[in-house]
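A.B. asks: After the structure tokens below, expect a handful of questions from me.
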Amino acid sequence: MVDLSLSEEQDHLVETFRAFFAKESPPPLVRAAEEAGGFDPDLWQAVCALGGPALGVDPSAGGAGAGLLDLELVSERLGAALAPVPLVESWVAARLLATCDPVPGTWARLTDDLPAAATVALHPAHEGSARLVPAGAVASVVAGLDGDELVVVDVDPPPAAAVRNLGGAPIADRSLRGEGRIVLAHGDDARARHADAVDEWRVLTAGALVGLAGAALELGVEYAKQRHQFGVPIGSFQALAHQLADVATMVDGAQLLTREASWAADEHEADAPALARMAFLFASRTAQRTTAVALHVHGGYGFTLEYDVQLYHRRAKAWPLLMGDPRRESARLADALFEPPEPR
Amino acid sequence: MDFRLGAKSDAFREEVRSFLREHLRPDTLERAHETGTHHDRELHRALGAQGWIAASWPEEYGGQGRDPFEMTAMRDELRLAGVPTDGLGQSVIVARTVRAVGTEEQKQRFLPPFLRGEIIFALGYTEPDSGSDVAAAKTRAVRDGDDWVIDGQKMFTTLAHESAYVFLLTRTNPDVAKHRGLTMFLVPLDAPGVEIHPVHTMGGERTNATFYTGVRVPDAFRVGEVDGGWDVMNVALTFERGGFALSEADRVWQWTVDWARETRRPDGTRVIDDPLVRERLATMRVNDEVARLLALRCSYVAATGGMPGVEGSMHKLWYAEAMTADAAELVDMLGAEGLLEHGEPDAPVDGWVEQLHRHAAVTTIYGGTSEVQRDIIASRGLGLPRSRR
């Protein structure tokens, strides 16, 4: 029967990470990390003590056994704090590797006390090179599709520097060839495994976007209560209050949808792939609309670098765009909802 | 977490489906469409005979003690089948209010025939000069011995021509603040002095303007305290946003998908294979799923002993606004043929998309406008200062 509450363990998990990020990833740290290429190594070390790449891996493979829903709940907190650590990417990559034949050296590095970061290239490589890989500048371990093969490479330290970008994210092009390349799967099996991993990335990124949107909404609402114009708080103007009400509704909807998508994946529901795309699309829309409203509520100040809302605004666009044009994502959702088009 | 309605609801869903196979006649939808009266007496009585008019009520009140998720399953089936449920929906609001605040005598008088599906109720709040500002009602009720004499006019008294009583908001004290001088009555619609004039809408619905001239009502038909009508209204308005289920959008989406799969263009391609069609249908599915989940959350709040307030407003706001935008997109998607009305032999999706577009506009108005919902979300949900500007 429907139960929209979290379990005691999940409540504890959420509270642990909420408190951790609130203390360890405040806005000044996010800003400093952005200057340094979108990554904070000390924060990475600290967060891995709570739940590193193997958090979502089955205990039989040396992981902590968290389900996708558990990870999604944590990714909401990560997104709310804009924490500059590649947890989502590392979780997805570790879960993918855990289902393949063991890659002993690499696996040890992911489950180490100070684990290496990992990621999955979302799009197939072109001539061996995967373009703008999320966390590509900081992840040693990269899995991805190279032609007909699902491969993993492990290069320490990561060979590519971050490129300057809207979201201040550690993205970089990565080669899926060269020494130490290991083939994990071939053909349809390779494509299916990769597709599942990308769906997990969609759901967990949707979770991060839900958290981001919720935090941006709070910024907007607080500012609307404090800022006075014409002798009254600006939040008393319906022209602003109604926009905030609209996005508050979207944030609640996006959270429900994203949690449903993670739950459906854990339960192996038939519509899980469609729900992953739906959650990703709607959380992206929600984050972009919410940060736009929250920034606008701040007036000109919101546009200045001093105010935090711009940090949210830029990432709301940047995080999901790594998947590509959202209208193409809608087309991919259609492919999951309806049968593929007839060949012409 | 669990997003499944569960075995009990699945079993009840099957019961509802088999009931509909037996009782839903093919012409029921057509008749509702033609007349604009979205209430079917025969079907409504059959629901009553089944014990389903207020299936969620405890058995001692004539219900079946169905939980909120069983009710979700039932309403979803009624909606997906296109059952005209306006009469059921608005009557339940009145009956729940009578159950909550009525006298024992009133419960005995009004509820049994309601539960049997023999009578329905109309809502009499809105007036020509007061809609969202509902407490500004001017219809007067003046005490005369054991009776009250009512004079005034109501607007959008939907299904007054099918209803036994109208749940009437009246002014009994013009000398106090507007919220403090209101009283509610159940007024028999066959009483002398009541006139019902049809009003037809862009969506093809028939509603009514109702006129009350020297209408005498016994004091026993007063619901709640004299001048305590606003408290009664607040109970009723909360119930009004409690009818959570799939919307018309889900039904029309499914019909449109079926049509797009079956239909080929002159060049031989299937409509469903057109990228512009696929993208629109996919986007609408996302919006509908969000609406479904916001509704499911209301049921969950109710199932865990709460009263959905802000949650209800969020659902109402989202489903109405998203459906309005999506219906317009679906019409665009069909091109010029999207303009063809239901009944035109070559209308795509039998013209139901055109019909949804006509109808959708009113969903952002009735049951509390989108602006009223946003006010509630902003003040009660977000804690923003209340305002009227």
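A.B. asks: Using just the helices of chain B, give the 222 nm mean residue ellipticity in deg cm²/dmol: DSSP H runs with n ≥ 4 each add -39,500 (n - 2.57), and the total is spread over all residues, rounded to 500.
C.D. replies: -15000 deg cm²/dmol
A.B. asks: Additional query: Tabulate in residue order the Karplus-calculated ³J(HN,Hα) for the range A:260-277, using 6.51 cos²θ - 1.76 cosθ + 1.60 with θ = phi - 60°, rounded to whole Hz; enter x for Gly and Pro.
C.D. replies: Going residue by residue, I get 4, 5, 5, 4, 4, 5, 4, 8, 6, 5, 4, 8, 4, x, 5, 5, 4, 5 Hz, with x marking Gly and Pro.
A.B. asks: Between B:V166, B:H38, A:A213, whose Cα lies farthest towards the positive end of the dipole of the protein assembly as shown when Lys and Arg beta carbons carry +1 and Asp and Glu beta carbons carry -1, centred on the Cα centre?
C.D. replies: With unit charges placed on the Cβ atoms, the residue in question is B:V166.
A.B. asks: Additional query: Run the dipole for chain A about the Cα centre, Lys and Arg Cβ at +1, Asp and Glu Cβ at -1, nothing else charged, and hand back the magnitude in debye, nearest 20.
C.D. replies: Charge dipole, chain A, about its Cα centre: 1400 debye, nearest 20.
A.B. asks: Which angle from 0 to 90°, rounded to the nearest 10, does the C-alpha axis of helix B:248-262 make with the longest principal axis of chain B?
C.D. replies: 20
A.B. asks: Quick one: the Cα spread of the range A:191-337 along its three principal axes, in angstroms, biggest first?
C.D. replies: 59, 25, 22
A.B. asks: Calculated FRET efficiency, A:D112 and A:R191, Cβ-Cβ r, R0 25 Å, to nearest 0.05? Don't skip to the answer; put the middle values down first.
C.D. replies: Numbers: r = 30 Å, r/R0 = 1.21.
FRET efficiency, A:D112 to A:R191: 0.25.
A.B. asks: Relative to the longest principal axis of chain B, what angle (0 to 90°, nearest 10) does the C-alpha long axis of helix B:352-363 take?
C.D. replies: It works out to around 30 degrees.
A.B. asks: Could I ask something else about it? Mind listing the long-range amide H neighbours of A:L184? Cut-off is under 5 Å, sequence gap 5 or more, other chains count too, H placed in the peptide plane at 1.01 Å from N.
C.D. replies: Under 5 Å from the amide H of A:L184 lie the amide H atoms of A:L150, A:V151, A:V152, each far enough along the sequence or on another chain.
A.B. asks: With point charges of +1 on the Cβ of Lys and Arg and -1 on the Cβ of Asp and Glu, referenced to the Cα centre of the range A:191-337, which listed residue (A:A248, A:S330, A:I234) lies farthest in the positive direction of the dipole?
C.D. replies: Value: A:I234.
A.B. asks: Which whole-Hz couplings ³J(HN,Hα) result when phi for each residue of the range B:96-106 is put into the Karplus expression 6.51 cos²θ - 1.76 cosθ + 1.60, θ = phi - 60°, listed in order with x for Gly and Pro?
C.D. replies: Here the 3J(HN,Hα) series is 4, 5, 4, 4, 7, 10, x, 7, 4, 4, 5 Hz.
A.B. asks: Provide the per-residue ³J(HN,Hα) series for the range B:330-340, in order, calculated from phi with Karplus coefficients 6.51, -1.76, 1.60 and θ = phi - 60°, each as a whole number of Hz, with x at glycine and proline positions.
C.D. replies: 5, 4, 3, 4, 7, x, 4, 5, x, 7, 6
A.B. asks: Say each of B:E105 and B:E337 gets a label point 7 Å from the Cα, pointing the same way as Cα to Cβ; how far apart are those two points in nm?
C.D. replies: In this crude label model, B:E105 to B:E337 measures out at 6.3 nm.
A.B. asks: Multiply the residue gap between B:E344 and B:T269 by 0.36 nm, knock off their C-alpha separation, and tell me the result in nm, one decimal place.
C.D. replies: That pair, B:E344 and B:T269, stretches by 24.7 nm at full extension.
A.B. asks: List A:S7, B:S387 from most exposed to least, where exposure is judged by having the fewest other Cβ atoms within 10 Å.
C.D. replies: The most exposed by this proxy come first: A:S7, B:S387.
A.B. asks: Please state, to two decimals, what the Cα-based radius of gyration of chain B comes to when divided by 2.2 N^0.38 Å (N = residues).
C.D. replies: Details: Rg = 21.7 Å, N = 389, 2.2 N^0.38 = 21.2 Å.
The value comes to 1.02.
A.B. asks: Collect residues whose amide H, placed 1.01 Å from N in the peptide plane, falls under 5 Å from the amide H of B:I119; neighbours closer than 5 in sequence don't count.
C.D. replies: It is B:F114, by chain and number.
A.B. asks: Now a separate question. Per DSSP H run of n ≥ 4, the term is -39500 (n - 2.57); total these for chain A, divide by its residue number, and report the mean residue ellipticity at 222 nm rounded to 500 deg cm²/dmol.
C.D. replies: Value at 222 nm, helices only, nearest 500: -18500 deg cm²/dmol.
A.B. asks: Separate question: Ratio of Rg to Rh for chain A, alpha carbon only, Kirkwood? Write down the numbers at each step before the final one.
C.D. replies: On the way: Rg = 19.9 Å, Rh = 20.4 Å.
Over the Cα atoms of chain A, Rg/Rh equals 0.97.
A.B. asks: Same structure again: How well do other chains shield peptide A:260-268, expressed as the mean number of their Cβ atoms within 10 Å of each residue Cβ?
C.D. replies: The shielding value for this peptide is 2.
A.B. asks: Neighbour counts of other C-beta atoms within 10 Å: give me B:S56, B:S247 arranged from fewest to most.
C.D. replies: B:S56, B:S247
A.B. asks: Could you give the size of the charge dipole of the protein assembly as shown about its Cα centre, using +1 on the Cβ of each K and R and -1 on the Cβ of each D and E, expressed in debye and rounded to the nearest 20?
C.D. replies: Here the protein assembly as shown has a charge dipole of around 1800 debye.
A.B. asks: From the gyration tensor of the Cα coordinates in the protein assembly as shown, what semi-axes in whole Å does the equivalent ellipsoid have, largest first, with each one equal to sqrt(5λ)? Please list the in-between numbers first.
C.D. replies: Values: eigenvalues 553, 170, 104 Å².
After diagonalising the Cα gyration tensor, the semi-axes are 53, 29, 23 Å.
A.B. asks: Let me ask another. Need the C-alpha centroid separation for the range A:79-124 versus the range B:179-221, integer Å.
C.D. replies: Going from one Cα centre to the other spans 67 Å.
A.B. asks: By how many degrees, 0 to 90 and rounded to 10, does the Cα axis of helix A:87-98 deviate from the longest principal axis of chain A?
C.D. replies: Helix A:87-98 and the main axis of chain A meet at about 20 degrees.
A.B. asks: Can you tell which of B:H197, B:F69, B:V349 lies farthest toward the positive end of the dipole of the protein assembly as shown, using +1 and -1 charges on the Cβ of basic and acidic side chains (Lys, Arg; Asp, Glu)?
C.D. replies: Final value for the positive-end residue is B:H197.
A.B. asks: Moving on to the next point. Given +1 on the Cβ of Lys and Arg, -1 on the Cβ of Asp and Glu, and no further charges, what dipole in debye does the range B:7-84 carry about its Cα centre, rounded to the nearest 20?
C.D. replies: 100
Each reported figure results from applying straightforward, stated rules to the coordinates on display, with no laboratory input. Since the structure is predicted, the reported quantities are computational estimates derived from the model, not experimental observations. Counting neighbours? That spans all protein chains shown, and the Cβs are built from the backbone with ideal geometry, glycine included.
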